[in-house]
Structure formats: C-alpha cells, structure tokens
1. Looking at the range 226-245, is at least one residue within 14 Å of the ligand (Cβ to nearest atom) and under 15 Å from the mean Cα position of the chain (by Cα)?
2. Run down K217, K245 and say which single residue is assigned to a helix (DSSP H, G or I) and either among the acidic types (D, E) or in contact (Cβ under 8 Å) with a residue 12 or more places away in the chain (or both).
3. Cβ-Cβ below 6 Å, separation at least six or inter-chain, first residue in the range 128-157 and within 10 Å of G83 (Cα to Cα) and within 8 Å of the ligand (Cβ to nearest atom), second of a type in the set (G, A, S) and modelled with pLDDT of 95 or more: which pairs?
Amino acid sequence: MCAVPQSAISGAERNEMLGINRQQRQFYEQRRTQRGNSPTRLWRHGRELAWRWCSVVGATATVHNLHREWLGDLQGKRVLDLGCYTGNPLSLEIAQASTSYLGLDLSEPAVQVLQEQLRARQLDHATARSGDFLSPEFDAEQFDVVYACAVMHHFKHFEYFLELVWSRLSPGGCIVSYDAMNTSWLLRLSRACYRPFQSDAAWEYPFSRKSFDCIEKYFEIRSIQGILGMGKWGLPLLLLPRGQKAMRYMHSYDLRHANRLGPALWRCMHVALHLQRRDVPLESGGALDAPRVPGLKVPT
Ligand SMILES: C[S@@+](CC[C@H](N)C(=O)[O-])C[C@H]1O[C@@H](n2cnc3c(N)ncnc32)[C@H](O)[C@@H]1O
C-alpha cells in the first residue's frame, strides 16, 4: 500500500475533497437519468457541439493518436485508467495491450458496464471497479502508467492530487491525459457567466497557467498539445460553403503552434499531456520562468 502524502493540504481540505467526490459520485451515477440544471445542460450541449466539431476536423483522432503514441508499448506495464467511467474509445485497447489494467471510477453503474466488456473479451488481467482515487481505502499497488482522460481537472486541491498520483507511480512512470483549460479570456468570460449556475462546479477546475507550474514540480512535461485554440473560432464557419477547409487550417495551426507552453497554448480550450514522473519533486514549480522541457519556449 502506498503512503498517502501529507504535505500539500490540511486534513480538513482532504476531507473536503472526499466530500466533493461523494457529490460527484452521485452526479455521475445519475448522469444518464438526471442531466443537471438548464445551464449545465446548455454548457454540456456546447461541449458536445465542440466535440462534434473536433471529429469533423480530425482533432479527436489527433488526440487519440497522440495518446496511443505516448502510451507506447504497454507490454509489461501496470496501467490505471483513472476516472474511466464506462470506458472511452481507448480504454479497451489499453486493457488489451497492458499486462495489468485497472479501470477506476467513482460511479459503480459505469464501471459495471466496463467490467462487462472486459469480461466479454476474457481480459482476465483487467478489472474495472468503483472507488475514489483520493480515498485512503484505495490501496492498489503502484502503476507504471496512469491514463487520465478528462479527469485531472476534477480536483480542487490540484497539488494534493499530483502528489498522490506521483506517489502511486513507479519510478519513470508516466501520465497520459486530456483536460479542459481556462487560460483563454473567452473561456474565462463564458465560465464566469455560467459557473454560478453550474451543478458540477464543485469538481470542475480547468487548468490555469499555475496548474502547469504545479505539474512541473512533480512531472517532466514530455509532450504537450493544445487544441481548439485558433480552432475554437471556426465553429461558425461550419455554416459557410468552404467552412470545413478553413477549420482544418485552424486546427493544423493549433497543432503546429500550441505544442509548447506559450500564448498559442493559452488560447486553447483543451490540452493533451504526456508527463513523466520526476524522481524527486522540485522544491517549487516554475514552468513559466524556467523551462525544464527541452525545446519548450517561455512565453514572453
Ligand atoms: C469527464 S468524465 C471522463 C470519463 C472518461 N475518462 C472519458 O474519457 O470519457 C470524469 C470521470 O472521472 C471520474 N472521477 C473523478 N474524480 C475521481 C476520483 N477521485 N476517483 C475516481 N474517479 C474519479 C468521475 O466519476 C467521472 O466518471
């Protein structure tokens, strides 16, 4: 069993996070039947629209392919699919390729769906179960890889989460992730209007620039890719005859420019990351003033 880190937050803050996750569990368990209040549904429709757009221009495929590349050969690896829900398009692939796979999610009905799929494929080395990653009762072994798709921004005290995931990874272990960001003025503005009405606000903490400082304390950023930066302006273009072509151009602009810390990344709505565990956490972050990632540019 891994030691639970003690340093980043107080006991009261840890309990607060566990309490938030009990609410979150309820939210995800009722997700299929109760879809939240009107602003939450409206926001979700907006997100779904953005996802459809992502598929049209190939951004979804880009993210999946990057994730595949970064996950690499999983033979011999113990993988945690953190916040797996019912499994996303890569979950079964990962389960099939790895030596040991654990899908973990707060929602019991969701993991049952994934567990059925694992059983149907006779993947005996793979399990899906419900539980809270933050809970002291989650006493799994160490992992070589944590796949965290749309999950890392669900932790109020982000550094505590990073410290915990760091402690559960083996030396040299990595995280492959995908998250929402809050670094563009447009998103900050729209979220500020919507957040007071949002029913899942308690566990939605899209990345700020500070989040990257914090990440760099525990992990080396091996690769980074922002999407929906320039591309987010492309949505209305769908209505025009040559709209798709223009949107593809915007997406490829993001691919070329939003692959390092800097203004082009900050304009993005989402970020995919490949992180490698540091042997020893740094004393403090500093992604913005002292880049440790080879080739990573410092924003001016
Ligand atoms: C936005 S969904 C992403 C689901 C899936 N990974 C995907 O890519 O579609 C976030 C999921 O993270 C799970 N989650 C959040 N915090 C968690 C925690 N502390 N432990 C386990 N699962 C958690 C939630 O239950 C939820 O299903």
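The values are calculated or read from the model by the stated rules, or taken from the named source; none is laboratory data. Only a predicted model underlies this, so the values are computations on that prediction, with no experimental measurement involved. For neighbour counting, all protein chains shown are included, and Cβ atoms are generated from backbone atoms with ideal geometry for every residue, glycine included.
1. Scanning the range 226-245, I find no residue that is within 14 Å of the ligand (Cβ to nearest atom) and under 15 Å from the mean Cα position of the chain (by Cα), so the answer is no.
2. Answer to the check: K217.
3. A148/S177; V151/G83
For every residue, the table says whether it meets (1) in contact (Cβ under 8 Å) with a residue 24 or more places away in the chain; (2) more than 13 Å from the ligand (Cβ to nearest atom).
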position	(1), (2)
I20	yes, no
R52	no, yes
V57	yes, yes
A61	no, yes
